[in-house]
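As structure tokens, the structure follows; a few thoughts come after it.
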Amino acid sequence: MGSDRDNRIKQQLEILNDEIGPVSRTLIDYSAKTNRLFNNVLNSIKVEPKDIVQISDETGLDSKKVLWILAGLVKYGKAEQISNKSGYMKYRAKQEK
Amino acid sequence: MKEINIDVAVIGSGIAGLEASLDVADAGYKVALIEKSPSIGGRMISLSKVFPTLDCASCITTPKMAAVSHHPFINMMTYTEVREIKKNDDGFDLYAIKKPRYINEGECISCKKCEEVCPVYIEDDFEHELSPKKAISIPFTNAVPQLPVLDMNKCIRCGACARICPKDCIDYLQKAEEIHIKAHSVIISTGYDITPMNAKKEYNAISIPNVISPLQMERLLAPHGPYGKVIRPSDGKIPESIAYVQCAGSRDKSIGVPYCSRVCCMYAIKQAMLLSGSLPLADITIYYMDIRAFGKGYEEFYSEARAMGINFVKAKVARITADEKGSPVLRIEHQEEASKPKEIKHDLVVLSQGMIPAVRDFLGLDLEINEYGFVSSRDKTLNPSQTNIDGVFVCGVARGPKDIPDTIADAGSAAVSAVNYIKSIKGKSL
């Protein structure tokens, strides 16, 4: 049954490609690059909590981009924010269950 | 083409459209509430709190959204855009397109599994680009309906969402649906946009990340905001000094918005009060020309803000630059005392932008609009919701800048006018 479903999904995607053309290379590259950056940031906070400036220094990413990625990691349950009353917020990776 | 017969078509589902729809439907008339976004709720659902009561905006709006979605006389049509409106002898013909979400709406159980597995991160427009979302996602936490939308322009067609869906309801081949809505009356509640961030070039808001819009600050202050705390978008620093620049997008002929937007003073004061609660150590300054606190309880609210220690500085901000750490530096000129211009550094700056109409083209309907793009009333004093076309009514900010209490009252007025109009034409036809 699972393979029937997989075939149907594959067929739908093939029809879609015929109808509107294939996915652009730019979009595929963007998606791959963004996922790499998410992984880099997540790896950076696996061992110890870090603030955005530290992560930015370590990964070479712009601090604004680091915050954007961290917001996504927190939203999708992969990282958490550690409360801080002043200075910079710190983040750490959540333990995988 | 799908055909729907109703009494009143309400275009736009912000707080004005929600209120007007409920009032018309409660009077026993059938409503089609047409919303171009995937969820109803408009701007108000994204706000943190409302002035002057500091009630939670979401807590006020969500029950109305739920009431609309469950009302037997309201046909809620989200992700639907009106393409043409024609007046005929019996009323109006609205031709709309329901855009595809690429999911089977009847089957989806809002489990968000599709969103979890989607590998494509894109800008979250609900969070004003402060955080990401996935290419398939439910628009926001309390969206109504709780249905995801697949952004086909951003989808890499990996099939992950379709394979994980427990109800097998992803449909990549779903097409847009044409809908013909026949209505006796139309209520326009299309709301507002805010003046663009780059309206005043001297404020460099596009190039300085720590100069943000008031709607971005609303999200930073919201309990379910993008960062869970007020921090600077450039580097995540907890700001110690925050400034508001008033009249940054209104009362200025040079940007085509010479009118007062009526809400900027109050939302700046509200946000300042909320900030002083969440960041008690922060200095908060509001640079203003004059404070317009005209509504019920507003003057007291302003006085309370002063008593809380918020700095009100009567000064004009000439320009904004950034220091090497990205902190905005404001060049100000005091308005009351004779002094030289000063440069003052803040960690974060909010530009109090004004309101401009969200829609100016009413797609075949020959509506009279004023010089600023807002829908004109036939009689501003005695019949403000009546437009130049019989059977077409307007409410909320589509008619001109106003705050939430005025918008609610305006929506009620438009609803009663629409109901009375339908009664009058049905009476004639009997």
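The helix-only estimate of mean residue ellipticity at 222 nm for chain B, built from DSSP H runs of length n ≥ 4 each weighted as -39500 (n - 2.57), is -7000 deg cm²/dmol after division by the residue total. Membrane-span-like helices in chain B (whole DSSP H runs, Cα extent of at least 30 Å along the helix axis, mean Kyte-Doolittle hydropathy of at least -0.5): B:404-429. Rounded to the nearest 0.05, what FRET efficiency is calculated for residue B:88 and residue B:416 with R0 set to 25 Å and r the Cβ-Cβ distance? Between residue B:88 and residue B:416 the formula returns 0.55.
Whole angstrom only: what separates the Cα centroid of the range B:255-303 from the Cα centroid of the range A:1-62? Between the Cα centre of the range B:255-303 and that of the range A:1-62, the gap is 42 Å. Protein-only accessible surface at a 1.4 angstrom probe places the residues A:29, A:51 in the order A:29, A:51, largest first.
The largest accessible area among A:59, B:141 belongs to the first residue in B:141, A:59, and the rest follow in falling order (1.4 Å probe, all chains).
Dividing the Cα radius of gyration of the range B:226-340 by 2.2 N^0.38 Å, with N the residue count, gives 1.12. Among A:72, A:60, A:21, the largest mean-square fluctuation in a Gaussian network model of chain A (Cα springs under 10 Å) belongs to A:21.
Compared with its chain on its own, the range B:117-150 contains the following residues whose accessible area drops by 40 Å² or more in the full protein assembly (probe 1.4 Å; ligands, DNA and RNA excluded): B:121, B:132. Taking B:190, B:407, B:62 as the candidate residues, the one with maximal mean-square fluctuation in a Gaussian network model of chain B, Cα springs under 10 Å, is B:62.
Can you pull out the buried accessible area for chains A and B, both sides counted, probe 1.4 Å, rounded to the nearest 100 Å²?
Working: alone 7840 and 19180 Å², together 23630 Å².
Chains A and B together bury roughly 3400 Å² of accessible area.
For residue B:340 and residue A:6, the FRET efficiency from 1/(1 + (r/R0)^6), where r spans their Cβ atoms and R0 equals 41 Å, is about 0.05. Taking 1.002 mPa s as the viscosity and 20 °C as the temperature, the Stokes-Einstein diffusion coefficient of the range B:365-430 based on its alpha-carbon Kirkwood radius rounds to 174 µm²/s.
A convex hull fitted to the Cα coordinates of the protein assembly as shown yields 167 cubic angstrom per residue. Heavy-atom accessible surface of residue B:361, to the nearest 10 Å², is about 100 Å², with a 1.4 Å probe and all protein chains retained.
Report, in whole Å, the centroid distance computed from the Cα atoms of the range B:376-430 and the range B:180-243. Going from one Cα centre to the other spans 29 Å.
Extending 7 Å from the Cα toward the beta-carbon at both residue A:57 and residue B:204 defines two label points whose distance is 2.6 nm. With 20 Å as the limit on Cα-Cα distance, the pairs of A:65/B:112; B:133/B:270; A:75/B:133; B:253/B:316; B:49/B:314 that go past it are A:65/B:112; B:133/B:270; B:49/B:314. Take every Cα pair under 8 Å whose residues are at least 6 apart in sequence, average their separation, divide by the length of the range A:4-93, and the relative contact order is 26 percent.
Shown here for the range B:307-340: GluC sites (Glu not before Pro) in loop regions (DSSP other than H, G, I, E, B) with at most 13 other Cβ atoms within 10 Å, namely B:324, B:336, B:337.
Averaged per residue, what accessible area in Å² does the range B:196-355 show with a 1.4 Å probe, protein chains only? If you can, show how the numbers build up before the last one.
Values: 6480 Å² over 160 residues.
Dividing the accessible area of the range B:196-355 by its residue count gives 41 Å².
Averaged over peptide A:46-57, how many Cβ atoms belonging to another chain are found within 10 Å of each residue's Cβ?
Values: counts 0, 0, 0, 0, 0, 3, 6, 3, 0, 1, 2, 0.
If you average over the peptide's residues, the count of other-chain Cβ atoms is 1.
Dividing the convex hull volume of the alpha carbon atoms of chain B by its residue count gives 150 Å³ per residue.
How many Å³ per residue does the convex hull of the Cα positions in the range A:4-93 occupy?
Numbers: hull volume 11.3 nm³, N = 90.
Hull volume normalised by residue count: 126 Å³.
The values are calculated or read from the model by the stated rules, or taken from the named source; none is laboratory data. Computed from a prediction, not measured in an experiment: that's the story for all the values here. Neighbour counts are summed over all protein chains in view; Cβ atoms, including those assigned to glycine, are modelled from backbone coordinates with ideal geometry. Areas reflect the complete protein model, heavy atoms only, side chains present, ligands, DNA and RNA absent. Shrake-Rupley method; radii C 1.70, N 1.55, O 1.52, S 1.80 Å.
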